Amino acid sequence: MTTNPAPPQSFAKARPGEVDGGAPPGRQRKLSRAERRAIEAKGRLSSPWASGIAILIAVLWTVPTFGLLVTSFRPSGDIRASGWWTALGDPEFTLQNYADALSTGGGNLVAYFLNTIVITLPGVF
């Protein structure tokens, strides 16, 4: 059976003449094993290396999403001819892809959106 450790004593209010949540002046209380492990984990997780790795992962995760966004605004001929990164040097953007998707592309999405609203709203109210 597991139990939660007692809360740290440092949260207790000190009385006059006491420091560190109740310990007498000049004497600090001994940290519990869980408190020591929490302090060590905080030190490891807040290191510059951990922050750098987190930033690197965030950038690597964001690049494909940015590529999809750029591609969605490119003309279809350019999409087939070259990668999305070439659009950054010679930008030629259009909203035609969105117009095609909403009106003709494989089905009328506007009708599907309206159908979703008609089905969802009565369920909400």
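The values are calculated or read from the model by the stated rules, or taken from the named source; none is laboratory data. The shown structure was predicted, so the numbers you read here are calculated from the model rather than taken from an experiment. Quick note on the areas: whole protein, heavy atoms, side chains included, nothing else; ligands and nucleic acids left out. Shrake-Rupley method; radii C 1.70, N 1.55, O 1.52, S 1.80 Å.
General observations
- Rounded accessible area of residue 73 (nearest 10 Å², 1.4 Å probe): 70 Å²
- Residue-span extension gain [residue 44 to residue 88] - 0.36 nm each, minus C-alpha spacing: 12.0 nm
- Cα gyration tensor shape of the range 29-125, rounded if a/c is under 1.5, else prolate or oblate by comparing a/b with b/c: oblate
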